[in-house]
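Take a look at the structure set out below.
The values are calculated or read from the model by the stated rules, or taken from the named source; none is laboratory data. The structure displayed is predicted, hence computed values, not measured ones. Cβ coordinates were reconstructed from backbone atoms using ideal geometry, including for glycine residues, and neighbour counts include every protein chain displayed.
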Amino acid sequence: MARLSEEFLLAWSSLSGNESLPGWSAISLPPAGPVEVQAGRRSPTNSEAVLFCFPYVALARSEKLPEGKGFLVERADSVADKGVRLALSRRAEGSPELFASMVCDVVGALDEAVAGGGSEVQLLRVLIGRVIAWQRFMSRGNPYLGAETELGLAGELIFLTMLLDLNITSDLVLSAWVGPDDAPQDFLLGYGAIEVKATMSSSGFPVKIGSLEQLDDTVASPLFLVALRFASREEGLSLPEIISGVEHRLGGDSGAVNIFREKLLAAGYSDAHSIQYSRKFELKEIRVLAVSEGFPRLTPGAVPNGVTRALYEINLDHAQDFLSDLDAALELLGVIA
């Protein structure tokens with residue numbers, strides 16, 4: 001769980017980074033296990049920062065540290081003969097509110113890793129991994145998901161929930177979920193792949209296909225399309241509620257929860273903006289279709305020369321001959337026996 005922003009905001013408000021000589025002013029906050037955590041400001045830029053002191057772990061000088069549009073990670077002056085001290089600081093162009101959300105989430109991830117028994121080396125990797133996830137989140141430009149993207153993410157997460165409910169291991173499910181990485185298909189599972197589509201339409205079963213590669217079974221085979229129809233009703237679940245359900249299914253596995261939250265950031269979702277996502281999704285229908293020869297689709301090998309990209313829509317009412325079911329699909333993929 002993310003730390004409360006007040007402890008950072010109060011500390012930053014009491015510090016000054018306007019000294020003429022370069023350096024840090026800092027206030028100690030509750031540590032994350034062996035990792036000392038400080039709220040700080042850097043002179044002469046007066047930029048807000050959080051400093052992390054890892055007392056014994058080493059970090060190669062050649063390792064490139066993440067940086068984004070609104071933040072920078074760098075090595076700070078060491079306070080001991082051993083270990084490494086890292087500073088996560090806001091750039092001048094970065095949003096103070098978004099940076100505060102990032103800091104609360106990053107430090108909260110360390111707290112959860114400590115609770116899960118993570119070693120100091122693991123804590124350092126959690127820190128860097130979560131910052132990289134925020135780097136990807138900020139690179140999207142808009143901090144909020146659009147309506148279509150919100151619907152698509154809800155569909156992927158409902159399907160992810162279905163896989164977990166079939167007792168497929170969380171390691172396998174989370175590693176298979178590659179939609180946040182902008183992969184052609186949403187899940188690389190077993191021998192092939194599954195593309196997930198969601199619709200709110202009550203007429204027909206239209207789904208939008210975002211590329212020529214998305215339904216190309218020469219790239220991933222067997223390939224299945226899982227289509228979910230939702231209705232917007234109070235009986236349904238909001239996106240934050242769907243996310244909470246996934247985390248509940250992950251149980252007390254702090255490592256799995258950390259990976260899941262990093263993937264959510266990569267997909268464009270931040271808990272800091274959960275209030276923005278109040279729309280309810282009630283699942284009304286699911287269709288599983290085997291994508292093979294004759295399926296209504298556009299692929300790189302089935303369009304005229306010169307056509308390199310396409311965004312198109314399929315009405316799945318015209319693909320009845322390709323209907324399957326989830327158990328049969330997962331068996332063909334080699335995921336279940």
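Restricting attention to segment 253-273, the residues that are more than 13 Å from the chain's Cα centre (by Cα) and either farther than 20 Å from W177 by Cβ or of a type in the set (D, E) (or both) add up to 3.
Summed over segment 262-308, residues that are without any contact (Cβ under 8 Å) to a residue 12 or more places away in the chain and surrounded by 13 or more Cβ atoms within 10 Å (Cβ to Cβ) total 0. Of all residues in segment 299-320, those satisfying the criterion of being assigned to a helix (DSSP H, G or I) and closer than 21 Å to A220 by Cβ are P300, G301, A302, L316.
For the condition surrounded by fewer than 21 Cβ atoms within 10 Å (Cβ to Cβ), assigned by TED's automatic domain parsing to the domain that holds F159 and at pLDDT 95 or above, what is the one hit in S221, S244?
S244
Taking segment 88-124, which residues are of a type in the set (G, A, S) and closer than 29 Å to A256 by Cβ? Matches in segment 88-124: A100, S101, G108, A109, A113, A115, G116, G117, G118, S119. Residues of segment 266-290 that are of a type in the set (A, V, I, L, M, F, W, C), within 17 Å of E156 (Cβ to Cβ) and in a strand (DSSP E or B): F281, L283, I286, V288, L289.
For segment 172-215, the set of residues classified as touching a Gly at 6+ places or on another chain (Cβ under 8 Å) and of a type in the set (D, E) consists of D186 only. Screening G117 with (1) more than 21 Å from the chain's Cα centre (by Cα); (2) small (G, A, S); (3) outside the structural domain of A32 (by TED's automatic domain parsing) gives one miss only, at (3). Of everything listed in (1) within 18 Å of L153 (Cα to Cα); (2) of a type outside the set (A, V, I, L, M, F, W, C); (3) out of contact with any strand residue (DSSP E or B) (no Cβ under 9 Å at 6 or more places or on another chain), the single unmet condition for T199 is (3). Scanning segment 221-250 for residues that are out of contact with any Asp or Glu (no Cβ under 9 Å at 6 or more places or on another chain) and in contact (Cβ under 8 Å) with a residue 40 or more places away in the chain yields P222, S238, I242, G245, V246, L250. Scanning segment 281-337 for residues that are over 26 Å from T149 (Cβ atoms) and touching a Lys or Arg at 6+ places or on another chain (Cβ under 7 Å) turns up just one, L323.
Quick check on segment 207-218. Is at least one of its residues part of a strand (DSSP E or B), touching a strand residue (DSSP E or B) at 6+ places or on another chain (Cβ under 7 Å), surrounded by fewer than 21 Cβ atoms within 10 Å (Cβ to Cβ) and in contact (Cβ under 8 Å) with a residue 24 or more places away in the chain? Talk me through it step by step, then tell me what you get.
Step one: filter segment 207-218 for residues part of a strand (DSSP E or B), giving 207-209.
Then keep just the ones that are touching a strand residue (DSSP E or B) at 6+ places or on another chain (Cβ under 7 Å); that gives 207-209.
Now narrow it down to the ones that are surrounded by fewer than 21 Cβ atoms within 10 Å (Cβ to Cβ): 208-209.
Still in the running and in contact (Cβ under 8 Å) with a residue 24 or more places away in the chain: 208-209.
Yes: one or more hits.
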